[in-house]
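Report on the structure given below.
The values are calculated or read from the model by the stated rules, or taken from the named source; none is laboratory data. Quick caveat, the model's predicted, so the values are computed rather than measured. Quick reminder, even Gly has a Cβ in these numbers, built from the backbone with ideal geometry, and neighbours come from all protein chains shown.
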Amino acid sequence: MHEKSIKNLAIKWKNEGLSYLEISKRLGISRYAAVNLCVYKMKRTKIKSGPKLKISKPYKLRLKRKISALHELGEKVNSQKLIDECQLKVSKSTVQRYLHSTGFTYKRISSRIYLTDCHKRNRVTCIKSWIASYHDWELTIFSDEKRFSLDGPDDWRSYVQNSSPNYRIKRQCKGGSVMVWMMTMPNGLLSFKVITGKMNSDGYIKMLSESAVPVIKLNYWQNWYLQEDNSPVHKSKKVKDFLEKSRISTLEWPAKSPDLNIVEDCWKTISDLVYDGKQFKSKADLVAKITLAINHLNQSQRHKVIDLYKAIRSRLCIVLEKHGDLYNC
């Protein structure tokens, strides 16, 4: 851009009657540049700065510290909570815009098992004892319970067009649910039992004696192990006495270790099959779909369960390498 003195000189010569071509030759510039010097007038335009920032720097720092503190405590973080605890005099949308501009996204938080150092040490101790004793996983029966809801899982998702709504009918109390107990056997077969009512020690003993033990003994005569989690029902004195009298060996199991139980992998496959269709109208429909899914695995997917048994030792080694942390984290 030319200096102001050159511009004034060009205007003076133009007023004296010189042409743009003569002015350009005197200044050593193009004719077009000489025209601009004489004609163009700078217009002062006000730069649009947008709306004033409603959250000042001190309050931004306060927000940052409050969000960090809430995350450490494992508490929920939302705009209204931040407004109340940081004493902000702004709207929720203002806080939401600020959070989005700083990289925060409001989304559903997936749950994860929290392991303390004590939990990790116990997991490592159990795994080392299994390895030292050459535990025979090919003679281990894994078991677990799962609740199925008539309305499907909370994070049920499906692809839809942007203009189409994505919803399912929400009923009170999720429309009811069904509790299912299942065990896996090394030959790849799955056996299950629908639990009716509240499960207590007597009910668990009855289920084992009538549904579980006969099926296991039909496939394995003796020297097999039953894996159970640390539920109070499983560890009650009545259940322990029944297991001892029935000569059923149980596997010592560390707390908070569903990642070591291959039944959890089977539940994932079964859930995908059960919740693949429409919502269920009754518990009978849900039980029928669960039965169909388990029968499908028994008939055509037994090799997947057998592969899970083959991979147990490598899974335990990975947990040891992680010093007792979760296998699938």
Criterion first (more than 23 Å from the chain's Cα centre (by Cα) and loosely packed, with under 11 Cβ neighbours inside 10 Å) does S143 satisfy it? no
Could you say whether any residue in region 192-199 is more than 30 Å from N122 (Cα to Cα), in contact with a strand residue (DSSP E or B) (Cβ under 7 Å, 6 or more places away or on another chain), part of a strand (DSSP E or B) and not aliphatic (A, V, I, L, M)? yes
Of a type in the set (S, T, N, Q) and surrounded by fewer than 16 Cβ atoms within 10 Å (Cβ to Cβ) - does that describe any residue in region 262-280? no
Output the number of residues of region 173-191 satisfying the condition of being touching a strand residue (DSSP E or B) at 6+ places or on another chain (Cβ under 8 Å) and at pLDDT 90 or above. 11
Tally the residues that are in a helix (DSSP H, G or I) and either surrounded by 15 or more Cβ atoms within 10 Å (Cβ to Cβ) or not assigned by TED's automatic domain parsing to the domain that holds V213 (or both), restricting the search to region 231-242. 2
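Conditions tested, residue by residue: (1) in contact with a Lys or Arg (Cβ under 9 Å, 6 or more places away or on another chain); (2) over 14 Å from M185 (Cα atoms); (3) in the same structural domain as R315 (by TED's automatic domain parsing).
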{"position": "Q222", "(1), (2), (3)": "yes, no, yes"}
{"position": "L226", "(1), (2), (3)": "no, no, yes"}
{"position": "I248", "(1), (2), (3)": "no, yes, yes"}
{"position": "P258", "(1), (2), (3)": "no, yes, yes"}
{"position": "K268", "(1), (2), (3)": "no, yes, yes"}
{"position": "K283", "(1), (2), (3)": "no, yes, yes"}
{"position": "A288", "(1), (2), (3)": "no, yes, yes"}
{"position": "A293", "(1), (2), (3)": "no, yes, yes"}
